[in-house]
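Q: Have a look at the structure that comes next, please.
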Amino acid sequence: MALSLATVKAALRIDYVDDDSELSRLILAAEAFVESYTGVRISSASRTMTLLTFKRTKFADYPRTATSTVSYKDADNNTIFMTPGTDYWTDITQALDAIEFLNAPATYPGTVITVTYVAGYATMPNEVAQVVISLVGLWYNNPEAAQPVTMTSVPLGGMFMLEHLRVKAPFS
């Protein structure tokens, strides 16, 4: 959980422990919904993507904060770790960061390029925290909120904030 149970309980003015496990489950569900809807990773973590060719590729997770390693198997089946600035560079000039390779070395047949990087917020932005808290509060107080004859599943203010955060650039 990127957002603590204590933070959510304080915001929702809940001061008892009876429903802590349910609230924890709802926090995880709300964070997963926000990540899925926006394309933004809430918590910082190491991630891996594999590439079939040495071509410009946008990172699959946003925001990307660091590139850890880029490796591949050379023609002799030895693992080679590429050097940033010499073998590749990271283009941060567009909406989504991309890795750009300066050369395409010979590889072992069937090899993939493995890129390990860190993506996600080190500290959750306030607007993301507010959406998560709003969703948890809605789902906690209205477990059937998604029924067709009741409230909408995401509050209007939450949808406005989610649209603001949503990654809008195409992956290519």
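Q: Can you pull out the residues in the stretch 51-80 that are of a type in the set (D, E, K, R) and either part of a strand (DSSP E or B) or surrounded by fewer than 15 Cβ atoms within 10 Å (Cβ to Cβ) (or both)? Outline the logic, then answer.
A: Here is the first cut: in the stretch 51-80, the ones of a type in the set (D, E, K, R) are 55-56, 58, 61, 64, 73-74, 76.
Of everything in the stretch 51-80, those that are of a type in the set (D, E, K, R) and either part of a strand (DSSP E or B) or surrounded by fewer than 15 Cβ atoms within 10 Å (Cβ to Cβ) (or both) turn out to be Lys55, Arg56, Lys58, Arg64, Lys73, Asp74, Asp76.
Q: For Ala129, state whether it is in a loop (DSSP other than H, G, I, E, B) and out of contact with any Asp or Glu (no Cβ under 7 Å at 6 or more places or on another chain). Let's see the steps before the verdict.
A: Numbers: in a loop (DSSP other than H, G, I, E, B): no; out of contact with any Asp or Glu (no Cβ under 7 Å at 6 or more places or on another chain): yes.
No.
Q: Additional query: Would you be able to say whether some residue in the stretch 67-84 is aromatic (Phe, Trp, Tyr), touching a Leu at 6+ places or on another chain (Cβ under 7 Å) and without any contact (Cβ under 8 Å) to a residue 40 or more places away in the chain? Spell out how you get there, then give the answer.
A: Filtering the stretch 67-84 down to residues aromatic (Phe, Trp, Tyr) leaves 72, 81.
Narrowing further to those that are touching a Leu at 6+ places or on another chain (Cβ under 7 Å): none.
Within the stretch 67-84, none of the residues are aromatic (Phe, Trp, Tyr), touching a Leu at 6+ places or on another chain (Cβ under 7 Å) and without any contact (Cβ under 8 Å) to a residue 40 or more places away in the chain.
Q: Next up: Being in a strand (DSSP E or B) and either open to solvent by 40 Å² or more (accessible area, probe 1.4 Å) or out of contact with any Leu (no Cβ under 7 Å at 6 or more places or on another chain) (or both) is the requirement here; does Thr48 meet it?
A: Values: in a strand (DSSP E or B): yes; either open to solvent by 40 Å² or more (accessible area, probe 1.4 Å) or out of contact with any Leu (no Cβ under 7 Å at 6 or more places or on another chain) (or both): yes.
So Thr48 fits the description; yes.
Q: Just to verify a result, which residue in the stretch 90-120, among those that are closer than 20 Å to Thr65 by Cα and free of Cβ contacts under 8 Å to residues at least 40 places away in the same chain, is surrounded by the fewest Cβ atoms within 10 Å (Cβ to Cβ)?
A: Ranking the candidates gives Thr93 first.
Q: So which residues in the stretch 22-45 are over 16 Å from the mean Cα position of the chain (by Cα) and either open to solvent by 70 Å² or more (accessible area, probe 1.4 Å) or of a type outside the set (Ser, Thr, Tyr) (or both)?
A: Filtering the stretch 22-45 for residues over 16 Å from the mean Cα position of the chain (by Cα) gives 22-26.
The answer is Glu22, Leu23, Arg25, Leu26.
Q: Which residue is surrounded by the fewest Cβ atoms within 10 Å (Cβ to Cβ), if the candidates are limited to the stretch 1-16 and must be of a type outside the set (A, V, I, L, M) and assigned to a helix (DSSP H, G or I)? Spell out how you get there, then give the answer.
A: Of the stretch 1-16, the ones of a type outside the set (A, V, I, L, M) are 4, 7, 9, 13, 15-16.
From the residues that got through so far, the ones that are assigned to a helix (DSSP H, G or I) too are 7, 9.
On the way: Thr7: 15, Lys9: 18.
Ranking the candidates gives Thr7 first.
Q: If we scan the stretch 140-162, do we find a residue that is modelled with pLDDT of 90 or more and within 29 Å of Leu28 (Cα to Cα)? Walk me through how you get there before you give the answer.
A: Step one: filter the stretch 140-162 for residues modelled with pLDDT of 90 or more, giving 140.
With within 29 Å of Leu28 (Cα to Cα) added as a condition, the list becomes 140.
Taking every residue of the stretch 140-162 in turn, at least one turns out to be modelled with pLDDT of 90 or more and within 29 Å of Leu28 (Cα to Cα).
Q: If you check every pair at least six apart or on different chains, which have Cβ atoms under 8 Å apart with a residue in the stretch 5-34 that is more than 10 Å from Val136 (Cα to Cα) and of a type in the set (Phe, Trp, Tyr) first and a residue that is modelled with pLDDT of 95 or more and open to solvent by less than 50 Å² (accessible area, probe 1.4 Å) second?
A: That search, which allows pairs on different chains as well, returns nothing.
Q: Looking at Asp19, Asp87, which is the one that is farther than 19 Å from Ala119 by Cα, crowded, with 16+ Cβ neighbours inside 10 Å and among the acidic types (Asp, Glu)?
A: Details: Asp19 fails: crowded, with 16+ Cβ neighbours inside 10 Å.
When all the criteria are applied, what remains is Asp87.
Here is a yes/no grid of residues against (1) modelled with pLDDT of 95 or more; (2) among the charged types (D, E, K, R); (3) under 23 Å from the mean Cα position of the chain (by Cα):
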site	(1), (2), (3)
Lys58	no, yes, yes
Asp61	no, yes, yes
Tyr72	yes, no, no
Asp87	yes, yes, no
Asn103	no, no, no
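The values are calculated or read from the model by the stated rules, or taken from the named source; none is laboratory data. Owing to the predicted nature of the structure, the values given are computational and were not obtained by experimental measurement. Every residue, glycine among them, receives a Cβ derived from its backbone with ideal geometry; neighbour counts consider all protein chains shown. Note: areas computed on protein heavy atoms with side chains; ligands, DNA, RNA excluded. Shrake-Rupley method; radii C 1.70, N 1.55, O 1.52, S 1.80 Å.
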